[in-house]
Amino acid sequence: MLIYESTQATVHEEEVRIPAPNEVVWVRLENPSPDEVKHVLGDVFKCHPLLVEDAIKLNQRPKMDTYKDHIFLTFFAVSEGLEPQEIAIVIGSNFVITVYKDKLPFMDQLYLTCQEVPERISHPGVILHAILDRCVDDYTVIVEHLDDRLDHMEQSVYQNPAIRIAQDIFQLKRIMHQLRRVIVDERITLAAIAHHSFPYTREEDDVYFMDIMDHISRVVDSLDIFRESLTGLLELQMSMKSDRMNEIMKTLTVFSTIFLPLTFIVGVYGMNFKIMPELGWDYGYLYVWILMIGIGFLMWYFFKRKHWF
C-alpha cells in the first residue's frame, strides 16, 4: 500500500496495515484472490461482511453503500474494447482501497503520480476524485471514438448505400446502451457526493466533483444523440436503397415501354400471311426500320419532357 505521512509530507510503500492517525493510505488490489480480499478488508480494516462479499464478487451496478466507519462505492472504467470494468472503492477517514480484476493502465499511472507528487494522496477525497476523474476522462475519449466511427459510417453509406453496416449499427447500439445504463447510475452517485455532506471529502473538493458530474452528464447526452443518429443512419440507408431500386425499376420500365411497340411491329411483320402489302414493297424493310426508330425516338422524347428519367 502507498502511505502519505502528513507531518513530513512524504510518501512511501509498506505492507498492508492499519494506518496511523497522521497517515493517509491507498491500498490497491489488482486481480486479488478471495482470501486476499477477505484478509485486507475483513481482517485488517474490519469492513462490513456485505461489503467484503461485494468486493469479492465484483458484479454490482454503480452504487454507494454507507457503513459506520467507511463507504463502499462501485464505479466503472471502460476498456479499449468498450467493455465496462468494475472498480470497487472503499473509502474511510484516512484510507482508500480499490479492488478490480482486469489491469487498468490509468491506475498504474495514478499510482506513480501519487508517489512523485505527495499532495495527490494527502486526503482520501483527493484520491477518490483522481480515480473518478480518470474514469470519466476515459468516457470522453470513448465518446470521441464513437463520434469518429459514426462519421465514417455515414460517409460510407453516402458513398455506397448497399454497404452492409446493419450489424455494426446494432453492435454499437448495444454497446452504447450498456455504457449509458452504467454511466447514468454513476451520475446519481456523483450527485450524492457533490451535493450532500460526504463524510470523507473536504468542502472545497465539492466543486471538483461537480465538474466530474458535468462531464458525465455531457457523456450521457452524447450517447443519446449517437443512438438516435445510428437509428437515423439505418433508416437513411434503407431509404437510399429504396430510392436506388426505384431508379433502376424506372429505367427498366422506360426501356421496356419503348420496346413494347417495336416488338408489336416486328411481331406483325413476322406473321406468315400470304397477302401483306408491305411485303411486296422494294423499300418495305427500310420503312419498318424508319417506323421503329421514329416511334422509339418519339417515346424517348415524351418521357424526357415528362422528366420520367
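The values are calculated or read from the model by the stated rules, or taken from the named source; none is laboratory data. Note that this is a predicted model, so its numbers are computed, not measured. Cβ atoms come from the backbone with ideal geometry, glycine included; neighbour counts cover every protein chain shown. For the accessible areas, the whole protein counts, side chains as well, though only heavy atoms, and no ligand, DNA or RNA atoms are used. Shrake-Rupley method; radii C 1.70, N 1.55, O 1.52, S 1.80 Å.
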Any residue in region 199-208 that is in contact (Cβ under 8 Å) with a residue 40 or more places away in the chain, touching a Phe, Trp or Tyr at 6+ places or on another chain (Cβ under 9 Å), in a helix (DSSP H, G or I) and buried (at least 17 other Cβ atoms within 10 Å of the Cβ)? yes
I'm trying to understand the selection: among the residues of region 57-93, which are over 16 Å from residue 181 (Cβ atoms), without any contact (Cβ under 8 Å) to a residue 12 or more places away in the chain and within 24 Å of the chain's Cα centre (by Cα)? 80, 81
Inside region 58-84, can you point out the residues that are open to solvent by 50 Å² or more (accessible area, probe 1.4 Å) and more than 23 Å from residue 175 (Cα to Cα)? 64, 66, 68, 69
If you go through region 88-97 one residue at a time, do you hit one that is surrounded by 12 or more Cβ atoms within 10 Å (Cβ to Cβ), touching a His at 6+ places or on another chain (Cβ under 8 Å) and of a type in the set (A, V, I, L, M)? yes
Take the conditions free of Cβ contacts under 8 Å to residues at least 12 places away in the same chain, hydroxyl-bearing (Ser, Thr, Tyr) and either open to solvent by 50 Å² or more (accessible area, probe 1.4 Å) or part of a helix (DSSP H, G or I) (or both) and apply them to residue 229. Does it pass? no
State which residue is least open to solvent (accessible area, probe 1.4 Å) when the search covers only region 264-309 and only residues that are hydrophobic (A, V, I, L, M, F, W, C), within 23 Å of residue 248 (Cα to Cα) and at pLDDT below 80. 309
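Could you tell me whether region 155-172 includes any residue that is charged (D, E, K, R) and either more than 26 Å from residue 107 (Cβ to Cβ) or touching a Pro at 6+ places or on another chain (Cβ under 6 Å) (or both)? Steps first, please.
If we filter region 155-172 for residues that are charged (D, E, K, R), which is where we start, we get 164, 168.
Now narrow it down to the ones that are either more than 26 Å from residue 107 (Cβ to Cβ) or touching a Pro at 6+ places or on another chain (Cβ under 6 Å) (or both): 164, 168.
Among the residues of region 155-172, at least one is charged (D, E, K, R) and either more than 26 Å from residue 107 (Cβ to Cβ) or touching a Pro at 6+ places or on another chain (Cβ under 6 Å) (or both), which makes the answer yes.
Does region 14-30 hold any residues that are surrounded by 11 or more Cβ atoms within 10 Å (Cβ to Cβ) and either among the acidic types (Asp, Glu) or outside any strand (DSSP E or B) (or both), and which are they? Give the derivation first.
As a first pass, look at region 14-30 and keep what is surrounded by 11 or more Cβ atoms within 10 Å (Cβ to Cβ): 14, 16-20, 22-30.
14, 16, 17, 18, 19, 20, 22, 23, 30, listed by residue number.
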Tally of residues being open to solvent by less than 30 Å² (accessible area, probe 1.4 Å) and touching a helix residue (DSSP H, G or I) at 6+ places or on another chain (Cβ under 6 Å) across region 104-126: 5
Of all residues in region 151-186, which are farther than 19 Å from residue 79 by Cα and open to solvent by less than 30 Å² (accessible area, probe 1.4 Å)? 153, 156, 157, 165, 169
When you check residue 263 against the structure, is it closer than 30 Å to residue 161 by Cα, in a helix (DSSP H, G or I) and hydroxyl-bearing (Ser, Thr, Tyr), yes or no? no
Being without any contact (Cβ under 8 Å) to a residue 12 or more places away in the chain and hydrophobic (A, V, I, L, M, F, W, C), is that true of even one residue in region 147-159? no
